[in-house]
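The structure appears right after this line, and notes come after that.
The values are calculated or read from the model by the stated rules, or taken from the named source; none is laboratory data. Just so we're clear, the structure is a prediction, and the values are computed from it rather than from any experiment. Reconstructed Cβ throughout: ideal geometry from the backbone, glycine too, with neighbour counts over all protein chains shown.
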Ligand code: G
Ligand code: G
Ligand code: G
Ligand code: MN
Ligand code: NA
């Protein structure tokens with residue numbers, strides 16, 4: 001209950017900030033995207049997102065956080081663009097409870113207009129689990145998905161490989177990117193099974209015309225193996241950890 005109040009005051013006092021983790025083309029090492037990741041910037045509180053995000057979901061506060069992150073991300077893109085920085089597509093994590101919310105679609109539309117952006121500036125990261133749950137509810141001709149597509153906003157599936165055993169849903173929708181969960185990348189170089197899973201996910205992604213990104217790349221050995229398995233893209237501490245906006249500006253202009 002105390003944490004619930006603290007999250008509410010943190011939202012009104014602007015204690016949340018965004019860091020951005022660069023995403024790379026694994027062969028050229030060109031930056032192809034940025035993932036926005038929330039941080040609680042306070043001297044007194046030191047909760048990490050993997051603690052307060054699940055809590056906010058339980059307490060019915062996640063829509064407030066998601067709305068806040070969308071606004072901050074769009075504002076930051078506009079701010080970089082005003083500095084004449086060429087900004088790659090920015091990926092925003094959307095919680096499972098929010099993906100078929102009409103309010104969030106309206107908010108995204110408004111923020112795009114207010115900041116002179118286009119759909120090409122944005123990508124939404126949705127976990128495999130929440131995507132499938134939403135399809136069960138709304139059916140395969142999912143209206144929120146087609147709305148985003150029309151706007152040119154990309155969709156990526158986060159934490160891929162951990163959510164579901166049935167993959168048939170992938171045929172029915174336009175997914176732009178699949179992000180292989182970092183647990184597989186971690187185990188891949190010493191476990192043959194994990195390497196097989198990674199290579200199957202890459203083939204599957206390419207079959208449905210999605211690009212495939214590996215999460216949590218920490219070693220050069222992992223990067224080389226992923227290239228040999230035809231993985232397109234990657235993010236992880238080997239290249240860069242999530243960075244504050246000033247550092248991203250330097251990185252994009254260097
Ligand atoms: O950044 P970090 O690795 O600490 O994030 C931990 C978890 O919190 C990840 O699963 C990530 O998806 C989630 N997360 C981070 N930032 C956001 C955000 O802005 N919105 C939502 N809904 N989840 C986030
Ligand atoms: O669940 P999601 O993929 O959104 O989580 C992203 C989280 O992964 C972020 O909190 C980020 O800090 C973390 N992360 C990013 N790169 C790496 C990495 O190379 N290794 C590990 N262990 N975590 C990473
Ligand atoms: O610096 P930051 O607060 O974003 O780091 C978040 C977590 O990621 C911390 O637990 C930190 O130890 C870890 N971390 C940061 N950089 C690296 C890195 O280059 N490699 C690994 N393995 N962990 C890192
Ligand atoms: Mn993510
Ligand atoms: Na992930």
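Of note:
- Looking only at residues of the range 206-216 that are away from ligand 4 (no atom under 16 Å from the Cβ) and not in a helix (DSSP H, G or I), we find that the one that is surrounded by the most Cβ atoms within 10 Å (Cβ to Cβ) is 208.
- In the range 217-229, residue farthest from residue 22 (Cα to Cα) [restricted to those that are touching a strand residue (DSSP E or B) at 6+ places or on another chain (Cβ under 8 Å) and assigned to a loop (DSSP other than H, G, I, E, B)]: 218
- Residue check, residue 68 surrounded by fewer than 18 Cβ atoms within 10 Å (Cβ to Cβ) and at pLDDT 95 or above: yes
- Of the strands (runs of 3 or more DSSP E) lying entirely inside the range 1-106, those containing at least 3 residues that are away from ligand 5 (no atom under 16 Å from the Cβ) span 16-25, 31-40.
- Inspection of the range 118-128 finds a residue satisfying the criterion of being in contact with a helix residue (DSSP H, G or I) (Cβ under 6 Å, 6 or more places away or on another chain), closer than 14 Å to residue 73 by Cα and surrounded by 18 or more Cβ atoms within 10 Å (Cβ to Cβ).
- Each residue in the range 205-230 was checked for being within 14 Å of ligand 5 (Cβ to nearest atom) and modelled with pLDDT under 95, and 0 pass.
- Residue match in the range 226-247 (condition: more than 17 Å from residue 35 (Cα to Cα), under 16 Å from the mean Cα position of the chain (by Cα), exposed (fewer than 15 other Cβ atoms within 10 Å of the Cβ) and within 13 Å of ligand 2 (Cβ to nearest atom)): no
- Within the range 139-149, if we keep just the residues that are in contact with a helix residue (DSSP H, G or I) (Cβ under 8 Å, 6 or more places away or on another chain) and farther than 14 Å from residue 124 by Cα, the residue that is modelled with the highest pLDDT turns out to be 142.
This table checks each residue for (1) out of contact with any strand residue (DSSP E or B) (no Cβ under 9 Å at 6 or more places or on another chain); (2) free of Cβ contacts under 8 Å to residues at least 40 places away in the same chain.
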{"position": "44", "(1), (2)": "yes, yes"}
{"position": "47", "(1), (2)": "no, no"}
{"position": "53", "(1), (2)": "no, no"}
{"position": "68", "(1), (2)": "no, no"}
{"position": "81", "(1), (2)": "yes, yes"}
{"position": "100", "(1), (2)": "yes, no"}
{"position": "114", "(1), (2)": "yes, no"}
{"position": "129", "(1), (2)": "no, yes"}
{"position": "136", "(1), (2)": "yes, yes"}
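- Selection within the range 163-205 - loosely packed, with under 15 Cβ neighbours inside 10 Å and in a helix (DSSP H, G or I): 168, 171, 172, 192, 193, 196, 200, 203
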